[in-house]
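Notes follow once the structure below has been shown.
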Amino acid sequence: MSSGLKNKLREIRVASNSMTQQQLATLVGVSRQTIISIESGRYSPSLELAIKISEALDYDLQQLFWLAKD
């Protein structure tokens with residue numbers, strides 16, 4: 001059984017806040033490429049970064065990121 005960190009980052013960033021990837025990246029102190037990688041599931045953010053993202057989007061951490069089991 002494998003597991004991985006899943007997210008609704010793109011959906012929430014666009015729908016709830018109309019924020020660009022660059023705007024979010026600047027707010028949380030990472031590159032736009034990091035945001036792209038997180039959104040696509042190629043990169044799992046540290047807990048600190050995940051919290052910064054959830055605060056920047058004003059969204060609950062557990063609804064933004066969750067651990068899924070296949």
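The values are calculated or read from the model by the stated rules, or taken from the named source; none is laboratory data. Since we're looking at a predicted model, the values are computed, not measured. Backbone-built Cβ (ideal geometry, glycine too); neighbour counts: all protein chains shown. Protein only, heavy atoms only, side chains kept; ligands, DNA and RNA dropped before computing areas. Shrake-Rupley method; radii C 1.70, N 1.55, O 1.52, S 1.80 Å.
Among all the aspartates and glutamates, which ones have a C-alpha under 13 Å from Lys8's C-alpha, if same-chain residues fewer than 8 places away are not counted?
Filter leaves Glu39, Asp60.
Could you give the size of the charge dipole of the chain about its Cα centre, using +1 on the Cβ of each K and R and -1 on the Cβ of each D and E, expressed in debye and rounded to the nearest 20?
In debye, rounded to 20, the chain gives about 220.
Tell me the carbon and sulfur percent of the accessible area for the chain, rounded to whole percent, probe radius 1.4 Å.
Ligands and nucleic acids excluded, carbon and sulfur reach 48 percent.
Quick one: what are the phi-derived ³J(HN,Hα) couplings along the stretch 29-34, Karplus 6.51/-1.76/1.60 with θ = phi - 60°, whole Hz, x for glycine and proline?
So the J values, rounded to whole Hz, are x, 10, 7, 4, 4, 5.
DSSP loop (so not H, G, I, E, B), at most 10 other Cβ within 10 Å: list which trypsin sites (Lys or Arg not before Pro) in the stretch 30-70 pass both filters.
Arg42
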